[in-house]
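Heads up: the structure comes next, in structure tokens.
The values are calculated or read from the model by the stated rules, or taken from the named source; none is laboratory data. Here the structure is a predicted model, which is why all the values come from computation and not from measurement. No Cβ is skipped: glycine too gets one built from the backbone with ideal geometry, and neighbour counts run over all protein chains shown. Quick note on the areas: whole protein, heavy atoms, side chains included, nothing else; ligands and nucleic acids left out. Shrake-Rupley method; radii C 1.70, N 1.55, O 1.52, S 1.80 Å.
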Amino acid sequence: MTMFRRCPREYQFAYVMRRRSATKSEALRFGSFFHIGLNAWWHAPLRDGCEAPCTPEYRLEWAFDAMHEKSAEPGEGDPFELVKAEELMIGYTARWGDEPYETIAVERQFRLPITRDTDGGAWYDHGGSIDAIARKVNPPAGDYPAINEIHNVEHKTTSQDISPGAPYWRHVRSLDSQVSTYMKAARELGYNPCDTIYDVIRKPSILPLKATPIESRKYTKPTAKDPKPRLYANMREEDETPEEYRVRLQNDIASNPDRYFQRQTIVRLEAEDEAHEQDVLQTAEMIRFAEQRHAFPRTVSACERYGRLCDYHPVCSGEANIEDSRYVTKENTHDELGDV
Ligand code: SF4
């Protein structure tokens, strides 16, 4: 639905023709990779062998195992990406590992029929997968009344500013459509959550350092005190190793955890849910119209986003054909739901 609203042509390529870029952008690849670790982190308490309450160390161990397993697959395994994910996961565990949440479900799939009153039947299913559902439990040593709050948990990785007053949160608090959809879905599944914990991880912008090109290197002039010419301090003779990169990342994350990890509790008012329902129904009507009329216009104002061009830009600009080998046909329409 998000893609159709952004650009119907993009939706046609991706979800009608099921042609997807054969290579994933770095940003998307890292987001999916880290999400595998987050799923394992939240899933850890549901596994055999985890003593209650599940310790942060046990969650971290499961997250590392899942990420290492993924990085061993063919085409995966960039050592710098793994270091970045590991250090973020260590920081995430230090920041949130002691929060009193007990996991109830992870990646809980749902399907909600989209209907119109006069229609008598569903046109489409509104499907998705809730990242996690958790119960807040009493702090171990506290003399508090029993707490039995259920929360939806939604993870996001982003390059944007996630400080509490940032525009990122103004949008999430009022208009993020996943929050409304997943709250409704969790209620339909019988969990009755009171709100959504929006759990955001900011991706590090620190990049591995490269050796200074030989022609650009500058050396100090020999002096009586220091006769050996030395490369300027801001230049390098060799590329940074993954372990050197780890140390810089570690220092940055540890010295500024709020920059990397933020959570906010999001509630939806009845009027906001109703407006969202209208959005869903009307978008479904537009998709149906597009499919019946084979009308998927281009939204050329959406071609550039997050500092990069849309995967289908070569096709829309006439440089390539959608049948080119740079695109592959996916077996499933929705990978995360495993359906056709
Ligand atoms: S390149 Fe632009 S017009 Fe073409 S599919 Fe992508 S967003 Fe749409």
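Key figures
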item	result
Exposed-site-free run, longest, the chain (rule: chymotrypsin sites (Phe, Trp or Tyr not before Pro); DSSP loop; at most 12 other C-beta within 10 Å)	1-231
Pair residue 259, residue 135: separation of 7 Å Cα→Cβ label points (nm)	3.9
Net +/- balance of residues flanking residue 84 in space, Cβ distance below 15 Å, scoring K and R +1, D and E -1	-3
Accessible area of the chain belonging to carbon and sulfur atoms, whole % at 1.4 Å probe	50
Crossing angle, helix 56-71 versus the chain [Cα axis fit, 0-90 degrees, rounded to tens]	90
Acute angle (nearest 10 degrees) that the helix 79-96 long axis makes with the longest principal axis of the chain, alpha-carbon atoms	70
From the C-alpha gyration tensor of the stretch 263-318, square roots of 5λ in Å	30, 21, 7
Cα centre as origin, Lys/Arg/Asp/Glu Cβ charges: the stretch 3-91 dipole, Debye	960
Using alpha-carbon coordinates, inclination of helix 177-188 to the longest axis of the chain, degrees	50
Hits among aspartates and glutamates - C-alpha to C-alpha of residue 218 under 13 Å, sequence gap 8 or more where chains match	237
Hypothetical label at residue 230: residues of the stretch 206-220 whose amide nitrogen lies under 18 Å (7 Å Cα-Cβ projection)	212, 217-220
Difference of contour (0.36 nm per residue) and Cα-Cα distance, residue 320 to residue 244	23.3 nm
Cut-off 14 Å between beta-carbons: net charge of the residues surrounding residue 137, Lys and Arg +1, Asp and Glu -1	-2
Linear extension gain, residue 302 paired with residue 237, 0.36 nm per residue minus alpha-carbon span	19.2 nm
Accessible area in square angstrom per residue, the chain, 1.4 angstrom probe	58
Top of 93, 223, 212 by mean-square fluctuation, Gaussian network on the chain, Cα under 10 Å	223
Candidates per GluC sites (Glu not before Pro) in the stretch 249-340, loop by DSSP, up to 15 other Cβ within 10 Å	319, 323, 331, 336
Selection from 278, 189, 43, by position along the positive dipole direction of the chain (Cβ)	278
Calculated FRET value between residue 211 and residue 166, using beta carbons and R₀ = 35 Å, to 0.05	0.45
Residue 27-residue 187 pseudo-label distance in nm [points 7 Å out on the Cα-to-Cβ vector]	3.3
Interchain or long-range residues, amide H under 5 Å from residue 327's placed H	22
